[in-house]
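One structure below.
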Amino acid sequence: MMQARLKGVVPPFEIEMKAEIAHKINLLKKELNAVILGHNYMEPALFHSVPDYTGDSLYLSAVSAQTDADIIVFCGVWFMGETAKILNPSKTVLVPSTKAGCSLAAGISAKDVAALRLMYPGAPVVSYVNTYAEVKAVSDYCCTSGNASKVLKHLLDEGHKRIIFLPDEFLARNTAAEMEVPFIQAGQPIDTVPLDQPAVIGWHVRCEVHELFTVDDVHAIRRQYPDAVILAHPECSPEVIEAVDVAGSTKMMTDYVEKVDKPRYALLTECSMGDNLAAQFPHREMVRACSLRCQHMNQITLEDTLAALEKIQYKVELPPDIIEQARKPIERMLALR
Ligand code: 13P
Ligand code: SF4
């Protein structure tokens with residue numbers, strides 16, 4: 001199954017080597033009653049072999065909230081493992097590398113949130129799931145790119161006129177634009193927009209991968225592949241989102257490629273995603289011109305996943321008070337899926 005899927009995506013000698021490791025992982029997984037969750041950005045040999053569930057960060061958080069397994073191995077980045085731990089404090093949660101960070105999560109602290117609350121009193125704080133637990137613990141809601149507009153709409157419907165949305169500047173700008181609400185950069189006065197009108201207050205950090213896509217990239221794809229539909233992750237700049245055909249989370253991109261029949265698809269997101277879709281939907285023509293990889297997601301390999309199960313490493317540990325406080329905004333996010 002794995003071999004058939006990866007033909008043409010991974011070189012044959014590598015497939016055989018990876019298949020052996022995957023076999024060992026699958027045996028250990030059963031023995032230890034472990035579940036493996038694989039984010040859409042995992043390398044194809046991992047993505048198409050050992051995970052029991054694959055998907056975007058929203059779906060995988062929901063799965064982790066419901067599992068009966070004793071051990072959860074999160075093949076994704078560290079904040080994803082933390083989210084699983086917060087939802088399953090009594091279980092062992094492993095992330096196969098300690099180096100799997102994220103530029104967004106690293107760009108905001110609980111202290112920053114406290115300062116923003118002082119600057120914009122009464123404004124609820126929505127934290128992107130790409131944050132560490134200490135930030136979630138001082139937030140009112142979490143969201144992912146898969147439900148950011150739902151969470152924002154919910155708060156607008158409740159009548160909030162100022163909503164702090166952290167930490168990704170581009171996701172905040174894109175979601176505000178989708179809801180037709182003006183954007184205020186954190187630090188600007190609260191009355192930059194009249195106080196009786198709603199506004200989104202955003203932070204200044206960006207995804208180090210998606211911020212690199214440009215409108216010129218979009219034009220270059222259109223010139224070379226005029227029949228391609230271009231999809232982008234909403235962590236791209238508002239100009240890029242304006243220029244592409246479809247914007248959405250990694251799950252939305254997967255669903256689009258699966259369900260909407262187009263001559264070709266070009267993805268502006270982490271490269272493994274395009275490779276994984278090419279393997280999953282061989283009847284679809286993917287434009288494989290991607291060169292942007294996430295150094296954090298790429299830390300997680302099949303080899304590390306085997307080592308994680310053999311050595312029960314690296315355990316996600318969090319202080320109980322942080323777990324307790326961070327649980328509420330995550331549960332609110334899951335309720336608004
Ligand atoms: P998704 O929420 O779409 O899975 O994306 C997570 C991420 O890290 C995107 O860069
Ligand atoms: Fe973080 Fe960007 Fe990597 Fe996603 S792609 S994990 S947002 S650095």
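One table, with the values for the structure above:
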read-out	value
Residues of region 204-220 satisfying the condition of being part of a loop (DSSP other than H, G, I, E, B) and within 16 Å of ligand 1 (Cβ to nearest atom)	Arg206, Cys207, Glu208, Val209, Phe213
Qualifying positions in region 109-142 - open to solvent by less than 10 Å² (accessible area, probe 1.4 Å), among the aliphatic types (A, V, I, L, M), closer than 18 Å to Trp78 by Cβ and touching a residue at least 40 places away in the same chain (Cβ under 8 Å)	Val129, Ala133
Among (1) in contact with a strand residue (DSSP E or B) (Cβ under 8 Å, 6 or more places away or on another chain); (2) closer than 16 Å to Ala308 by Cβ; (3) aromatic (Phe, Trp, Tyr), the one test that Tyr128 misses	(2)
Residue within region 36-44 that is surrounded by fewer than 20 Cβ atoms within 10 Å (Cβ to Cβ) and in a strand (DSSP E or B) present	no
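Condition check ((1) of a type in the set (S, T, N, Q); (2) out of contact with any Phe, Trp or Tyr (no Cβ under 7 Å at 6 or more places or on another chain)) across all residues:
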residue	(1), (2)
Gln66	yes, yes
Leu94	no, no
Thr98	yes, no
Gly101	no, no
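The values are calculated or read from the model by the stated rules, or taken from the named source; none is laboratory data. These numbers were taken from a predicted model, which means no experiment stands behind them. Reconstructed Cβ throughout: ideal geometry from the backbone, glycine too, with neighbour counts over all protein chains shown. Keep in mind that these areas ignore ligands, DNA and RNA; they rest on the heavy atoms of the full protein, side chains included. Shrake-Rupley method; radii C 1.70, N 1.55, O 1.52, S 1.80 Å.
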